[in-house]
Number of protein chains: 2
Amino acid sequence: MAATIRDIAEFARISVTTVSRVLNDKPDVKPETRERVLAAIEELGYSPNSVARGLVLKRSNVIGFIVPDITNPSFPELARGIVIRAKHYGYRVMFFDTNHDSNVEKEAIRLLRSRQVDGIILSFNEANQEELEKLKLERFPVVQIYRKSPVSSVTTVALDNVKSGQSGTAYLLEHGHRRIAHITTGEETQSGKERLEGYRKALDEFGISYQPNLVVVGANTPESGLDCMRRLLELNPPPTAVFVSHDRMAAGAYEAVYEKGLTIPGDVSIIGHDNIEISQLLHPKLTTIDTFKCKLGQLGVDLLIEEIAADFPMNREVVCETKVVERDSVRSLPADTADVNLQAESEKGREPVEIGPG
Amino acid sequence: MAATIRDIAEFARISVTTVSRVLNDKPDVKPETRERVLAAIEELGYSPNSVARGLVLKRSNVIGFIVPDITNPSFPELARGIVIRAKHYGYRVMFFDTNHDSNVEKEAIRLLRSRQVDGIILSFNEANQEELEKLKLERFPVVQIYRKSPVSSVTTVALDNVKSGQSGTAYLLEHGHRRIAHITTGEETQSGKERLEGYRKALDEFGISYQPNLVVVGANTPESGLDCMRRLLELNPPPTAVFVSHDRMAAGAYEAVYEKGLTIPGDVSIIGHDNIEISQLLHPKLTTIDTFKCKLGQLGVDLLIEEIAADFPMNREVVCETKVVERDSVRSLPADTADVNLQAESEKGREPVEIGPG
DNA sequence: TTGTACGCGTTATCAC
DNA sequence: GTGATAACGCGTACAA
């Protein structure tokens, strides 16, 4: 049986109140008695029961964290950031992995709330945004992380996916590519949708007309990436470069290139998105876009803490920048095309010019 | 303010005792009043406070899970298994990522215990085994997962790494390889040490003498794998096959092979260990050994639940089998050598025969 | 500077 | 069948 505050009090021949005082570093306690209490604590190996404490304080110092898929390499990094930052604030993390099951998501919220967590960081897809609205209605502190919701307005920390998709595509354009394809998770996922939008924006900015047949839609798995890339390589002519919306798909895309006996970046350049570990392990190393997931997690906690303190939904929306990580999967196209590119770069406000593919 | 059991009692014009009864599906409550209580619960959106419940029951229905590195792809799968299984038993999971810092590990234990978790699943390295002993001494339910401790005897669920290393090496031997190198994390890590032992055992069984220069020690990172493989390729003659103790290192090893303009498995065959996602994304797909991490996690929870029920340390040790996953990174050596191999296979109890390298 | 007494939300005991 | 009431371990007015 673990020692309680009362045991300490008896052992130190003092009242529980005083023990509580030294426990919480409150003033008005004689150094001498403090010493005696500390000694008793040491002696009995006492550790305060934070459950009981939570009951009276109405604050558990625990936050919930719900992810749709912890085996997706982006989430562990998010988790790490969250755990680190939470600890910094004196918070612990209760963790749920829902495997994309929205019923499990609902269940997780219920369990978390009955465990009196002080707030929840989660990453829900659109299907379950109504749950967020409910929480918001009840003034329960939530922050949506990594995925921005188009319909809900709870506090969110997410990527600027449009800008990110734009910069990824621009990177290819700046390397002289003009026939640029896009492999995407499509309209189904918020990130895919937005990165696609960025892709189109970049083309537009460089005066390249959008060609629907250069955009193939799949799911965020290597298998799907393989499939999508196969389709692109059957095009005549095939694209000289591909912007892939997620690194896992890019990994599959590599396979399709090898399958055809082609090389990267010799025959086709590829840029990915997310900078997960595999991107450095592919051969050649994948040029991709870093999303600073660990920082994102930390930011999420910062916002949640604010949310908890504020005591009412702040509906903040923090958007994070991303950054191209140059590696070996993109090559510069020959000078003649590159010249056009340099020109384009210097004419930021120019009229759109039809350069056309090829 | 969330409704309490007392609010329900008042609303349903009944005592808290009765409300508690229907909440816990106890008998002795008239169907009619049960209905009324249920209605009140629905009406007020009541959800029981499991913290308060835990206080009186002395049971939180929460287990702790401490990992050294959640960004190591093995752990998310472990985590998934644990969360799934814990839920099955009505348990929640409180999560800590320590980033290999043993002080953080100690801290995590302290925090978890003060949060009154019912038990802890953790993966500590040898440096911190004394913490486990302490917990055991206090009869606190713990199970060590994924890493077996040579010094401690708390309940453990781990891999049979010796056997696994043996089968990985045997796989190469059975494919006709005789000059087989080993890249390992070395004596520092339990898994590395044991897999190395298995490597030696397999060689022994096939009557091949152990050559220290064919074993290179590194750390479980792609960079280190690259470095180790470089050293092996400088050997004269180089090995025809390499058993790499961890897939991440194998990924780095690939790089070293490509660097030299060699091919896998044409010039050198590679077999990894762990079957993490990258193994399927490498080119060619890496033949490796699956460790069934998700199941391991589930098993860990099963054991912890037993441990909690038993109320005293059971010191069980569950060892899990692994399985070779055949993919494309190992080739069979030409017939003349293969014959020796087949012969070796059929003579299980034969005398060791010096075949020698090359 | 220290101690008493109450309340946090729940379950268990025992009486009705 | 149902209802008071005492715990559980802690923090905190308020009194001393």
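Data for the structure
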quantity: Loop chymotrypsin sites (Phe, Trp or Tyr not before Pro), region A:185-238 (other Cβ atoms within 10 Å of the site Cβ: 13 or fewer; DSSP); calculated: A:Tyr210
quantity: Burial ranking of peptide ranges B:123-134, B:16-27, A:25-36 (average Cβ count within 10 Å, highest at the top); calculated: B:123-134, B:16-27, A:25-36
quantity: Highest-MSF residue in chain A out of A:Arg178, A:Arg231, A:Arg248 [GNM, Cα springs under 10 Å]; calculated: A:Arg231
quantity: Under Karplus coefficients 6.51, -1.76 and 1.60, residue-wise ³J(HN,Hα) of region B:315-324 in Hz, glycine/proline x; calculated: 6, 7, 9, 9, 10, 9, 6, 10, 8, 5
quantity: The protein assembly as shown, dipole about Cα centre (Lys/Arg Cβ +1, Asp/Glu Cβ -1), debye to the nearest 20; calculated: 2320
quantity: Computed over region A:164-323: relative contact order in percent, which uses C-alpha pairs under 8 Å that are six or more apart; calculated: 21
quantity: Chain B, helix-only ellipticity at 222 nm - DSSP H runs n ≥ 4, -39,500 (n - 2.57), divided by all residues, nearest 500; calculated: -14000 deg cm²/dmol
quantity: Centre separation in Å (Cα based) which lies between region A:172-247 and region B:239-294; calculated: 30
quantity: Above-threshold pairs, the threshold being 23 Å between Cα atoms, out of B:Lys148/B:Lys293; A:Lys87/A:Lys193; A:Lys148/A:Lys285; B:Lys58/B:Lys136; A:Lys285/B:Lys163; calculated: A:Lys87/A:Lys193; A:Lys148/A:Lys285; A:Lys285/B:Lys163
quantity: For A:Thr287, residues with placed amide H under 5 Å, excluding near neighbours; calculated: A:Gly272, A:Arg327, A:Asp328, A:Ser329, A:Val330
quantity: Copies compared at B:Arg316 - label distances in nm, ascending, label defined 7 Å from Cα in the Cβ direction; calculated: 4.7
quantity: Net charge of neighbours whose Cβ lies under 10 Å from the Cβ of A:Gly225, counting Lys and Arg as +1 and Asp and Glu as -1; calculated: -2
quantity: Long-range HN-HN contacts of B:Asn61 with modeled amide H, under 5 Å; calculated: B:Asp118
quantity: Shielding by other protein chains, B:86-98, mean Cβ within 10 Å; calculated: 5
quantity: Label 7 Å beyond Cα on the Cβ vector: B:Leu235 copy-to-copy distances, nm; calculated: 4.7
quantity: Chain B, rotation onto A, residue closest to that axis via Cβ, with its distance in Å; calculated: B:Phe95, 2
quantity: Copy-to-copy label separations for A:Ser153, where each label sits 7 Å from Cα toward Cβ, in nm and ascending; calculated: 6.4
quantity: Packing rank of A:299-306, B:308-315, B:249-256, A:165-172, where each peptide gets the mean count of other beta carbons within 10 Å, highest leading; calculated: B:249-256, A:165-172, A:299-306, B:308-315
quantity: Prolate/oblate/rounded label for chain A (Cα gyration tensor, a/c 1.5); calculated: prolate
quantity: Prolate/oblate/rounded call for the protein assembly as shown, Cα gyration tensor, a/c under 1.5 rounded; calculated: oblate
quantity: Amide proton proximity set for A:Lys323, modelled H, under 5 Å, gap of 5+; calculated: A:Asp290
quantity: Relative contact order of region A:5-56, defined on C-alpha pairs under 8 angstrom at six or more residues apart (%); calculated: 36
quantity: Peptide B:266-278 - average C-beta neighbours from other chains (10 Å radius); calculated: 2
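Values in this text are rule-based calculations from the coordinates and carry no lab data. As the structure is a prediction and not an experimental result, all values here were calculated from the model. Here the Cβ is made from the backbone with ideal geometry for all residues, glycine too, and neighbour counts use every protein chain on show.
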